[in-house]
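Report on the structure given below.
The values are calculated or read from the model by the stated rules, or taken from the named source; none is laboratory data. What you see is a predicted model; the values in this text were computed from it and never measured. In this analysis, Cβ positions are derived from the backbone assuming ideal geometry, glycine residues included, and neighbour counts consider all displayed protein chains. Ligands, DNA and RNA are excluded from the accessible area calculation, which covers all protein heavy atoms including side chains. Shrake-Rupley method; radii C 1.70, N 1.55, O 1.52, S 1.80 Å.
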Amino acid sequence: MYTQLLIDYLAAHQRLPYIKDTQVIKEVFERNRLKITDELLDFQLRYAGYFHKFPPHSFVYGLLHKHSEHLPALDLDFDDDNPRRVLITCMDCHPLHARALDARGVYYKDYAAVAENFTKYLMQRALFWRETQTQQWQNIHLAAHVQQAIREEQNGKIEEFMLPQVSDKYSQIYHIRELMIKVEPEQIIAWKVRGSKPQLFYFSL
């Protein structure tokens with residue numbers, strides 16, 4: 001589901017030339033004996049060519065590229081160790097940073113599912129992008145006992161602060177005053193407005 005926030009986010013970012021000929025895309029899948037699903041085709045047409053950076057690394061979205069740094073040109077890179085869940089690389093980035101989609105469009109980071117689809121993942125990025133336009137945020141470390149308390153209170157004290165539009169079964173985003181929390185199966189990440197004191201929130205858990 002496209003939102004105005006996502007539209008604004010994409011409009012503010014450069015898009016490199018990308019492959020949008022559906023026949024070319026389908027032929028590449030057929031050559032690799034893979035099924036091109038609506039979800040995968042939609043991803044290529046909607047998002048290929050956009051990118052983000054975590055210096056010194058860059059992440060260019062797309063299943064296939066005319067020119068790429070780490071992926072084969074005009075071909076797919078995929079992991080088929082599990083025939084029931086073939087993962088297709090969806091970004092031209094260093095192999096150390098595995099980014100992939102399965103046939104249903106579920107987005108994987110380092111072989112772990114982190115979003116029900118790439119649109120949901122980008123909506124999360126768009127949310128953080130919007131917040132940084134008006135305030136300075138900094139990543140903060142959450143002690144193990146704080147992380148445990150957050151997990152225990154997800155259906156209690158903090159439930160009202162969840163943002164359903166950018167949350168799904170793989171990750172939940174909470175915006176609690178000057179604190180933002182992203183809960184994933186393997187980790188909890190938090191950010192606070194620079195200069196604020198979120199410790200007051202911790203003591204209330």
remark   = With label points set 7 Å from each Cα along the Cα-to-Cβ direction at Asp21 and Glu184, the distance between them in nm comes to 3.6
ask   = How big is D, in µm² s⁻¹, for region 131-203 by Stokes-Einstein at 4 °C and 1.567 mPa s if Rh is the Kirkwood radius over C-alpha pairs?
value = 103
Phi to ³J(HN,Hα) by Karplus 6.51 cos²θ - 1.76 cosθ + 1.60 over region 177-185, Hz, x for Gly, Pro = 6, 9, 10, 10, 10, 10, 9, 10, x
query = Relative to the present Cα-Cα distance, how much length would full extension add between Ala112 and Phe59 at 0.36 nm per residue of separation?
reply = 17.3 nm
inquiry  = If R₀ is 30 angstrom, what is the calculated FRET efficiency for the pair Asp80 and Arg46, using the beta carbon separation as r and rounding to 0.05?
reply    = 0.75
request  = Would you list, by chain and number, the lysines whose Cα falls below 19 Å from the Cα of Lys35, excluding same-chain residues fewer than 8 positions away?
outcome  = Lys20, Lys26
query = In debye, nearest 20: dipole of region 108-205 around its Cα centre with unit charges on the Cβ of K, R (+) and D, E (-)?
reply = 340
key: Solvent exposure of region 1-108 as accessible area per residue, Å², 1.4 Å probe   = 58
remark   = Computed for the chain: size of charge dipole around the Cα centre, +1 on C-beta of each Lys and Arg, -1 on C-beta of each Asp and Glu, debye to nearest 20, value 460
task = With the full set of protein chains in place, find how many percent of the accessible area of region 34-167 is carbon and sulfur; take the probe as 1.4 Å.
result = 49
inquiry  = Viscosity 1.002 mPa s, temperature 20 °C: what is the translational diffusion coefficient of the chain from Stokes-Einstein with a Kirkwood Rh over Cα pairs, rounded to a whole number of µm²/s?
reply    = 116
ask   = Rounded to the nearest 500, what is the chain's calculated 222 nm mean residue ellipticity when only DSSP H runs of at least 4 contribute -39500 (n - 2.57) each, over all residues?
value = -8000 deg cm²/dmol
message = Report the Rg/Rh value for region 1-115, based on alpha-carbon coordinates and the Kirkwood definition of Rh.
response = 0.94
note = Beyond 22 Å (Cα-Cα) in this structure, taken from Lys157/Lys197; Lys53/Lys109; Lys109/Lys169; Lys109/Lys157, we find Lys109/Lys157
Stokes-Einstein D in µm²/s, Kirkwood radius over Cα pairs - region 56-129 at 10 °C with 1.306 mPa s viscosity = 125
query = Dividing the convex hull volume of the alpha carbon atoms of region 104-159 by its residue count, what do you get in Å³ per residue?
reply = 140
